[in-house]
1. What ³J(HN,Hα) values, in whole Hz, does the Karplus curve 6.51 cos²θ - 1.76 cosθ + 1.60 give for the stretch 43-52 when θ = phi - 60°, with x put for Gly and Pro?
2. Which of the listed residues, 170, 151, 23, is farthest toward the dipole's positive end in the chain, when Lys, Arg count +1 and Asp, Glu count -1 at the beta-carbon?
3. Positive end of the charge dipole of the chain (Lys, Arg +1 and Asp, Glu -1 on Cβ, about the Cα centre): tell me which of 138, 97, 161 has its Cα farthest that way.
4. Rolling a 1.4 Å sphere over the protein heavy atoms, what is the accessible area per residue of the chain, to the nearest Å²?
5. What net charge is computed for the residues neighbouring residue 116, neighbours being all others with C-beta under 14 Å from the C-beta of residue 116, Lys and Arg scored +1, Asp and Glu -1?
6. With a sphere of radius 11 Å drawn around the Cβ of residue 12, what net charge do the other residues whose Cβ falls strictly inside it have (Lys, Arg +1; Asp, Glu -1)?
7. Using amide H atoms built in the peptide plane, which far-off residues or other-chain residues are under 5 Å from residue 160 H to H?
8. Quickly estimate the mean residue ellipticity at 222 nm for the chain, helices only: each DSSP H run with n ≥ 4 gives -39500 (n - 2.57), and the total goes over all residues, rounded to 500.
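The values are calculated or read from the model by the stated rules, or taken from the named source; none is laboratory data. It should be emphasised that the depicted structure is a prediction, and the values quoted were computed from it without experimental measurement. We place every Cβ from the backbone using ideal geometry, glycine too, and count neighbours over all the protein chains shown. Please note that ligands, DNA and RNA were not included when accessible areas were found on the heavy atoms of the full protein model with its side chains. Shrake-Rupley method; radii C 1.70, N 1.55, O 1.52, S 1.80 Å.
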Amino acid sequence: MTTVYQIIVDAYRVCNLIPVGVAPTQQQEAEGLRYLDRIIKSVLGHEVGEEIETKNLGSSSMDYPNSFTQWDSSSTIVVPENVKIMCNFEAAREVWLDPSPYMGSRLAIQDVAGNFSTYNLTVHGNGRLIEGQTSLVLNTDSTNTEWVYDNEQGNWLKITNLTKFDNLPFPSKFDDFFIISLAYRLNPAYSRQFDPQTDRMLRRAERQLTSTYRTVKHKDTEL
């Protein structure tokens, strides 16, 4: 996989803003990372995967009328596809991810109560990896993170809070899509324009991305 930094460097090269062998400035790095973060988030639920729905876990400072339900804390909690878990913990919890995720499945977790350092959440890959590990312990207060599933690696890859040292959370065969998309975003600020050939390359890369991560509605899963 390709690092976020290399995507940024290649985008500035495509724009012809830096010569071969010259690194972008710190200001250009920050600009590129900011725009790339927006591009990555903008494809989620559109070109990549489906929209996610929120589900509550925990009951700290919450009131549940009779018409509302929460996960049964007495049983093994298996997370359905494309869910954001809103955590309001009164005790440490464990969840197991979908045992058969598809390419582009999404997962998000938010520590709404802000007490993960006291009440950890352990996320089990359930036969898959998450950030390269079989299980991941979330213990930072106010965590708000998202992952996307890559079937080629059998790994849930972190989407949010990326740094330039992280790997792009998509296989390297899709690098051109993100490089050229970032270059397009940078161009107006530097009065640059692309030729039709680059535009065709972007359209081809976009078709490859969407055909691989095509959204497929799966069976409804009860919590």
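1. Residue by residue, the stretch 43-52 yields 7, 5, x, 10, 5, 10, x, 10, 5, 9 Hz.
2. Selected residue: 23.
3. So the residue we want is 161.
4. Details: 11610 Å² over 223 residues.
Ligands and nucleic acids excluded, the figure is 52 Å² per residue.
5. Working: positive: 93; negative: 90, 94, 111, 141.
Cβ neighbours under 14 Å give a net charge of -3.
6. Numbers: positive: 13, 192; negative: 10, 29, 31.
Net local charge, residue 12 excluded: -1.
7. 146
8. On the way: 4 runs with 58 residues, N = 223.
Theoretical 222 nm ellipticity from helices: -8500 deg cm²/dmol.
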